[in-house]
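To start, the structure under review is shown below, and the notes come after it.
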Amino acid sequence: MKNLSSALRNKGRISRIAVLTGSGISAESGIPTFRGHNGLWMDYRIDDVATCEGFKKDPGLVWEFYEKRRLEVIKTKPNRGHYAIADLEESAVSSGRNFTLCTQNVDGLHKRAGSKNVLELHGSLFESFCTKCGKSAGLPENPLPHLPPKCQECNGMMRPNVVWFGEPLAQDIIEKAFSSMDCDLLIIVGTSLQVYPVAYLPFLALKNGAVVIEVNITATSASDYFVFIKGKAGQVMNEIADTIKGYL
Ligand code: BV8
Ligand code: ZN
C-alpha cells in the first residue's frame, strides 16, 4: 500500500470521497461478472436480454434472465469488500466528509452491507416498472408467480428497472454521479470500465485533481492512469479502507 499512502500524503486533506464499483466486487459473493471467466455475456447475447429490442422480441426470455439472476442474488450475501466500503463510508461521514458510492451493479449487495449513499447507475434487479403507465413496483424475495408480471394498475406488461444498452441512464442519477466526481479521492473496485457513460467517471475525477485508486484482479486498459492495486476486493479492501482512514 506504499504507493497508496504516498498518494494520500501528497494529496493533503481528503474531504470528498467517491467509490465506483462493478460486478467484480460481487464476484466473491458468488455472482458472475459479465465479461470475465464464466461471465454472463458468455451464456447470453446482450441483444437478446439487455436491450429494448430484445425485450420487445421476447419479453419472456428477458424476464427469465433477470428472474434467474434475482433469485440467485437473494441466496447470496455481501462479502468483505462490500462491508469494507460501508465501514469506510461510516468513518468518512462521522468525521465530516462526504461520501458517494456509485455502483453499476443491480444486485443490491452494497445496501445490504449497510452502504447508505448509493447511486445504482444501471438500476436494480428488485424493481420494475410498467411499460404502459410507468407505475413502478418492487419485486419480491421469492419467485414471481408468472412472467412477465402484469401491472397492478393497468394490467400492462412490467419490465425490469435496469438500464439496457442503448437506453439513457436516469438523468438525476447520472447527474449526481458526475458531480460526485468532484472529489479528492475516487476508489474504483471491480470494473472493466468498458461501459459508457460510466467509464468516463474516473477521468472526470482525475481532471478534478482526485487521487484515483483502482482495485482489480487484473489491470484494465486505464490502469496506468490510476494508483493500481492488484487483488481481490474481498481480500484487499479492508487494508485499503484502513489506510485511507489514517488520512481522515
Ligand atoms: C447509453 C444492465 C445513450 C443491467 C448494463 C459512449 C457514450 C455513451 C454510450 C456509449 C458510448 N459508447 C458506447 C456506448 C453504448 C453503450 C456501451 O457503453 N457499450 C459498450 C459495451 C461499448 N452504453 C449504453 O448503451 C448506455 N446507454 O449511453 O445510452 C443514450 C443517451 C440518450 C438517449 C438514448 C440513448 C447504457 C449502458 C448500461 C448497460 N446495462 N447492464 C444488468 O443487466 O446488469 S451494463 C453491464 O456492464 C452491467 O451493468 C455491468 O455492471 C456493466 C459494467 O460491467 P462491469 O461491472 O465492469 O463487469 P465486467 O464483467 O465487465 O468486469 C468485471 C471486472 O471485475 C473485471 O475487470 C474483473 O477483472 C474484475 N474482477 C473480477 N473479480 C474480481 C474483480 N475485481 C476485484 N475483485 C474480484 N474478486
Ligand atoms: Zn401500468
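The values are calculated or read from the model by the stated rules, or taken from the named source; none is laboratory data. What you see is a predicted model, and the numbers here were worked out from it, not measured in a lab. Methodologically, a virtual Cβ is constructed for each residue, glycine included, from the backbone with ideal geometry; neighbour enumeration extends over all protein chains shown.
Being of a type in the set (S, T, N, Q) and closer than 17 Å to residue 101 by Cβ is the filter; apply it to the range 155-209 and report the residue that is nearest to the chain's Cα centre (by Cα).
Filtering the range 155-209 for residues that are of a type in the set (S, T, N, Q) and closer than 17 Å to residue 101 by Cβ, the one nearest to the chain's Cα centre (by Cα) comes out as 191.
Just checking: which of the strands (runs of 3 or more DSSP E) contained wholly in the range 100-144 hold 2 or more residues that are more than 20 Å from residue 185 (Cβ to Cβ)?
Correct list: 123-130, 136-138.
Scan the range 204-225 for residues that are of a type outside the set (Ser, Thr, Tyr), assigned to a helix (DSSP H, G or I) and either surrounded by 15 or more Cβ atoms within 10 Å (Cβ to Cβ) or in contact (Cβ under 8 Å) with a residue 40 or more places away in the chain (or both) and report the count.
The total comes to 3.
Would you be able to say whether some residue in the range 173-181 is farther than 27 Å from residue 44 by Cβ and part of a loop (DSSP other than H, G, I, E, B)?
yes
For the range 32-91, please list each of the helices (runs of 4 or more DSSP H) lying entirely inside it that holds at least 2 residues being charged (D, E, K, R).
Output list reads 46-49, 52-57, 59-74.
Would you point out the residue of the range 9-55, among those that are closer than 24 Å to residue 211 by Cα and basic (Lys, Arg), that is farthest from ligand 1 (Cβ to nearest atom)?
Ranking the candidates gives 13 first.
Check off (1) more than 19 Å from residue 161 (Cβ to Cβ); (2) more than 8 Å from ligand 1 (Cβ to nearest atom) for residue 64 and give me the number that stays unchecked.
Every condition holds for residue 64 apart from (1).
The conditions are (1) surrounded by fewer than 22 Cβ atoms within 10 Å (Cβ to Cβ); (2) within 18 Å of residue 125 (Cβ to Cβ); (3) under 16 Å from the mean Cα position of the chain (by Cα); (4) modelled with pLDDT of 95 or more, and residue 110 fails exactly one of them. Which is it?
Among (1) surrounded by fewer than 22 Cβ atoms within 10 Å (Cβ to Cβ); (2) within 18 Å of residue 125 (Cβ to Cβ); (3) under 16 Å from the mean Cα position of the chain (by Cα); (4) modelled with pLDDT of 95 or more, the lone unmet condition for residue 110 is (1).
Tell me which residues, restricted to the range 147-172, are within 16 Å of ligand 2 (Cβ to nearest atom) and assigned to a loop (DSSP other than H, G, I, E, B).
148, 149, 151, 152, 153, 154, 155, 156
Of all the residues that make up the range 170-197, how many are surrounded by 15 or more Cβ atoms within 10 Å (Cβ to Cβ) and near ligand 1 (Cβ under 7 Å from one of its atoms)?
The qualifying residues number 6.
Here is a list: 138, 96, 108. Which entry is of a type outside the set (Val, Ile, Thr) and within 16 Å of ligand 2 (Cβ to nearest atom)?
Going through 138, 96, 108 in turn, just one is of a type outside the set (Val, Ile, Thr) and within 16 Å of ligand 2 (Cβ to nearest atom): 138.
Give the residues of the range 121-135 that are within 11 Å of ligand 2 (Cβ to nearest atom) and either more than 26 Å from residue 195 (Cβ to Cβ) or in contact with a strand residue (DSSP E or B) (Cβ under 7 Å, 6 or more places away or on another chain) (or both), sorted by residue number.
Listed by number, the residues that qualify are 128, 129, 130, 131, 132, 133, 135.
Quick check on residue 149: is it free of Cβ contacts under 8 Å to residues at least 60 places away in the same chain and either under 27 Å from residue 77 (Cα atoms) or surrounded by 18 or more Cβ atoms within 10 Å (Cβ to Cβ) (or both)?
Spelling it out, it is not the case that residue 149 is free of Cβ contacts under 8 Å to residues at least 60 places away in the same chain and either under 27 Å from residue 77 (Cα atoms) or surrounded by 18 or more Cβ atoms within 10 Å (Cβ to Cβ) (or both).
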